[in-house]
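These notes are about the structure you will find just below.
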Amino acid sequence: MAIEIITTGGTIDKIYFDAKSSYEIGEPQIGQVLEDANLVIDYCITPLLRKDSLELTDDDRELIRKTAAASANDRIVITHGTDTMIKTALAIGTLPGKTVVLTGAMQPARFRFTDAIYNVAAALTAVQVLGEGVWIVMNGRVFDPRHARKNVEMNRFEEV
């Protein structure tokens, strides 16, 4: 069973540009994260977007949905910015025969202390065992996007 990983940007892919003294979305970091993890699963990476999730448009969300729907794989992980992850999950809706898991990070994957590695590992595990549908995996939990929110103050996702 191959897992397709679709990258869309977000904090997980942010890198620091010293000359600009700012963070920008860089190349997808997922390849390095997975290489460091020494995984023995079959996966492929589809770099789709390089945007902060606050900059995603309805057209971008439709592109994400169409890309997941057209995938030959029935297990899909989407790396995404946390600010609008729920909105994108709801826009994807149900894709018959597919299990889709969105995940991201509160700190860039390149940081020494990051939740990216754990969230990606949890998403890769969850996508293999969850049933058909669209899910969010963050902070060690699986969320139905219809009943989840990002608690900005606590810097975590939670059920509502």
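The values are calculated or read from the model by the stated rules, or taken from the named source; none is laboratory data. Here the structure is a predicted model, which is why all the values come from computation and not from measurement. Don't worry about glycine lacking a Cβ; one is built from the backbone with ideal geometry, like all the others, and counts go over all protein chains shown.
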Count of the stretch 67-79 residues which are within 13 Å of residue 92 (Cα to Cα) and outside any helix (DSSP H, G or I): 3
Cβ pairs under 8 Å, 6+ apart, first in the stretch 92-105 and under 14 Å from residue 126 (Cβ atoms) and acidic (Asp, Glu), second modelled with pLDDT of 95 or more and surrounded by fewer than 24 Cβ atoms within 10 Å (Cβ to Cβ): none
Qualifying residue in the stretch 134-145 (condition: in a helix (DSSP H, G or I) and either on the phi > 0 side of the Ramachandran plot or loosely packed, with under 14 Cβ neighbours inside 10 Å (or both)): no
Search result, residues across the stretch 53-95 that are under 12 Å from the mean Cα position of the chain (by Cα) and of a type outside the set (A, V, I, L, M): 53, 79, 80, 81, 82, 83, 84, 88
Residues satisfying the stated conditions in the stretch 110-133, i.e. at negative phi and either in a strand (DSSP E or B) or β-branched (Val, Ile, Thr) (or both): 114, 117, 120, 125, 127, 129
Residue that is nearest to residue 148 (Cα to Cα) [pool: residues in the stretch 96-112 that are of a type in the set (Lys, Arg) and touching a Lys or Arg at 6+ places or on another chain (Cβ under 9 Å)]: 98
